[in-house]
Structure formats: structure tokens, C-alpha cells
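Right, one structure below, let's go through it.
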Amino acid sequence: MAESATLVDTARQSAETGAGQGAIFAGGSDAMLQTAIWLLVIVGMILVLAWAVRRFTNIGPRSVGAMRVLSALPVGNRERIALVQVGDKQLLIGVAPGHVSTLHVFDENIVSAQPASTAFSRPADSSSRNFGQVLRNTLRSSSGTAGARDSN
């Protein structure tokens with residue numbers, strides 16, 4: 001009898017030790033899962049911040065020497081139309097990856113060149129034309145003159 005009581009006590013101690021190790025292992029897998037979740041959150045935040053920096057870096061006009069970007073309009077994922085002031089001329093250019101082309105050279109300035117500090121502010125005068133209106137009018141007049149040339 002004493003022998004079976006000793007065996008029962010030994011078995012009970014082994015079970016408790018094994019259960020304790022299982023609890024440590026379960027806590028370890030919880031910690032591992034928590035670490036993996038936080039790693040995914042941090043990597044996600046890095047990706048979102050990289051996207052935001054890439055998306056909003058090209059906001060507003062920039063001037064370099066005698067050249068100044070007066071306005072830019074995205075027309076696709078990586079394509080833009082930009083109104084550029086070069087000296088006393090204004091050019092409408094198309095910009096795509098690996099390619100820049102002149103769309104139109106304006107005879108007269110259609111947008112006044114603003115200093116960089118006020119480039120982001122809206123004009124107080126609502127009668128001033130904005131870039132979108134000028135572009136639409138130019139495209140209409142260009143297509144109208146192209147149609148007139150085709151009919152001749």
C-alpha cells in the first residue's frame with residue numbers, strides 16, 4: 001500500500017510539473033502571437049506613412065531659378081499636366097514616367113506668377129480665372145481650330 005501511495009504521489013507531482021510547463025508554453029505562444037500582431041501593426045504603419053509621404057510630397061508649386069511650376073493637375077496614376085513659367089513664357093506640359101512633352105505654349109500669360117509664400121492661398125477675387133477653367137477653354141479652342149482645319 002505504501003508503495004502505491006508513493007507511485008500516486010509521484011504521478012501527481014509529475015502531472016503538476018507537466019501542467020506548469022504547459023502553462024509556461026501557453027504563455028509563450030500568447031507572447032509570440034502578441035509580438036507578431038504588433039510587428040504587423042508597425043509594418044502597416046510604416047507602409048501607410050511611406051504612401052502618404054509619396055502621395056503628398058509634390059504638393060504645390062516649386063521654383064528653380066528662372067523656371068516655376070504654377071499649377072499641376074494629376075490625370076492618371078503617374079501622369080500629370082503642369083503649367084510652367086519659363087522666363088516670360090508659360091507652357092502647358094504633360095509629364096509621365098520617363099517622358100515630358102509640351103502640350104501648348106501660351107502667347108500671353110494666363111496665370112500670374114505668384115510668390116511661393118502665397119501660392120497655396122486662394123485668391124480673394126472670385127472673378128480671377130483658375131487653372132481648370134483656362135485648361136478647359138484652351139482645349140475647347142484647340143479642338144475647335146483642329147475641326148476647322150480638318151473641314152478645310
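I need every pair where a residue in segment 77-104 that is under 18 Å from R140 (Cα atoms) and touching a residue at least 12 places away in the same chain (Cβ under 8 Å) has its Cβ under 8 Å from the Cβ of a residue that is among the basic types (K, R) and surrounded by 15 or more Cβ atoms within 10 Å (Cβ to Cβ), sequence separation at least 6 or different chains.
G94/R80
Of the numbered conditions (1) modelled with pLDDT under 60; (2) among the charged types (D, E, K, R); (3) part of a helix (DSSP H, G or I), R140 fails exactly one; give the number of that condition.
(1)
Assess whether Q13 counts as being at pLDDT below 90 and over 21 Å from V134 (Cα atoms).
The answer is yes for Q13.
Could you check P97 against (1) modelled with pLDDT of 90 or more; (2) surrounded by 10 or more Cβ atoms within 10 Å (Cβ to Cβ) and say which number it fails?
Single failed check for P97: (2).
Can you tell me which of (1) over 17 Å from the mean Cα position of the chain (by Cα); (2) modelled with pLDDT under 90; (3) surrounded by 15 or more Cβ atoms within 10 Å (Cβ to Cβ) is the one A72 doesn't meet?
Condition not satisfied by A72: (1).
The values are calculated or read from the model by the stated rules, or taken from the named source; none is laboratory data. These figures come from a predicted structure and were not determined experimentally. All Cβ positions, glycine included, derive from the backbone under ideal geometry; neighbour counts span all protein chains shown.
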